[in-house]
Amino acid sequence: MQKLREKIAKLIDTEKEVILDEFCSKLIVCFWPRQSSQPMPEWLIAIIRARFSDILNRQVSYLRTGKYINSASLEDTTYAVQIIPFCSQDLKSSRLIRTLELFTDTVKEHIFNRGVRSTFPYARIAPFLDKLIYLSYEDLWITTIVSHRFQKNIIQKLLKKTMKAYENERQELAIVLHDGVLQSLATALVRTQIVEKLIKPNQRKKLTQELLRLQEVITETIRKIRDLNYDLYPPSLREQGLIAALHNYVAGFQRETGVFVDIVAPEALDKNKWYKDTQVSIYRMIHELMTNVRKHANANHVRIEISTEDERIHLAIEDDGIGFDLPQTLANLPSSATFGLLSVSEQTRGFDGLFHIQTAFGQGTRIEIDIPSDDKKV
């Protein structure tokens, strides 16, 4: 048995370059468009060749030592990033499977055509070939995991950049509303008051009524814009931190809805110097979930819990409202009624965090979020 192992190992070792040449030639014929005026790029061939050369080296080591060490595959990001997305992101890709088949067929042909078959019966060779094929698949399966992690990381970074850009736009809009629109409306309100004083006595009653209506419209518009400006980027969030901003928001929420809101969060949390974007994102999540409570929960009491442990932030929002059918709600995503949940879920995913909903009809709703306290670590 050892003789056979060594003979196969020696054959693969000495003919490795020939095997790779034949494999790459078959690959080009199989996948590269015949009508293409350009040959397969050299860089692409080089990456594929290097990856399968590593596999052949590990197969030789396995045949001689009985150990197939594929830990280095976890570090092989070049093949994972450049080739796997080119084919597919997993082994379900017919192209990726066909590539593996071409490789293993080439190895088998060399083993059978170089004298091994004439020395040893097929029944003795077959188990080794099956094992080498299995190890090849296992090795490249590790590569798909590396690819998945890499792609996930890219998606998270893109999502973070999108959220950051969105937040910057909100801040810019808040500045424009405050410095431009609000100032103009305030000036218009003052001008109506001046006009009121200049009205002739015989026209005063009718015109005064119209001016009062106009002043009411302008005053209400100013109030709405101020509320919108606060929602876009609360000054207290920037100046005092997350917990203080939440207390201010909750005070307004209770006045408008009559729902009692309890915040359980140590004031010292603001002294932890959380990364700024993390605080803003948590505030947005809470605001979105509280909007859901306002619109759909029919609750009398809401509890907001925030805590930190092991460089992670845990957030929970629980209400005593009517609850909902979770499976049906998730099946209907996205919809107008579930947009807030979807938005918060996506934000949590952007932090590589955990998002959990616990609810049922008549039993209220509890939503838990767990994210890193420093989003630079994502």
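The values are calculated or read from the model by the stated rules, or taken from the named source; none is laboratory data. What you are looking at is a predicted structure, and each value in this text was computed from that prediction instead of being measured. Cβ placement follows ideal geometry from the backbone for every residue including glycine, while neighbour counts extend to all protein chains displayed.
A few points about this structure:
- Among the residues listed as Ile55, Ile8, the single one being closer than 21 Å to Thr119 by Cβ, among the hydrophobic types (A, V, I, L, M, F, W, C) and either over 37 Å from the mean Cα position of the chain (by Cα) or in the same structural domain as Thr106 (by TED's automatic domain parsing) (or both): Ile8
- Taking the criterion of being of a type in the set (Lys, Arg) and either outside any helix (DSSP H, G or I) or at pLDDT below 85 (or both), the residues of segment 33-57 that qualify are Arg34, Arg51.
- Residue identified as at pLDDT below 65 and farther than 21 Å from Gly350 by Cα among Val176, Val217: Val176
- Enumeration of residues in segment 5-21 that are buried (at least 17 other Cβ atoms within 10 Å of the Cβ) and part of a helix (DSSP H, G or I): Lys7, Ile8, Ala9, Leu11, Ile12, Lys16, Ile19, Leu20
- Among (1) at pLDDT 80 or above; (2) of a type in the set (A, V, I, L, M, F, W, C); (3) over 23 Å from Leu269 (Cβ atoms), the one test that Ile367 misses: (3)
- Residue match in segment 184-198 (condition: surrounded by 14 or more Cβ atoms within 10 Å (Cβ to Cβ), modelled with pLDDT of 65 or more and in a loop (DSSP other than H, G, I, E, B)): no
- 2 or more residues surrounded by 13 or more Cβ atoms within 10 Å (Cβ to Cβ), at pLDDT below 80 and among the hydrophobic types (A, V, I, L, M, F, W, C): qualifying helices (runs of 4 or more DSSP H) within segment 60-138: 77-82, 84-87, 94-113
- The single condition among (1) under 30 Å from Met285 (Cβ atoms); (2) at pLDDT below 70 that Gln203 does not meet is (1).
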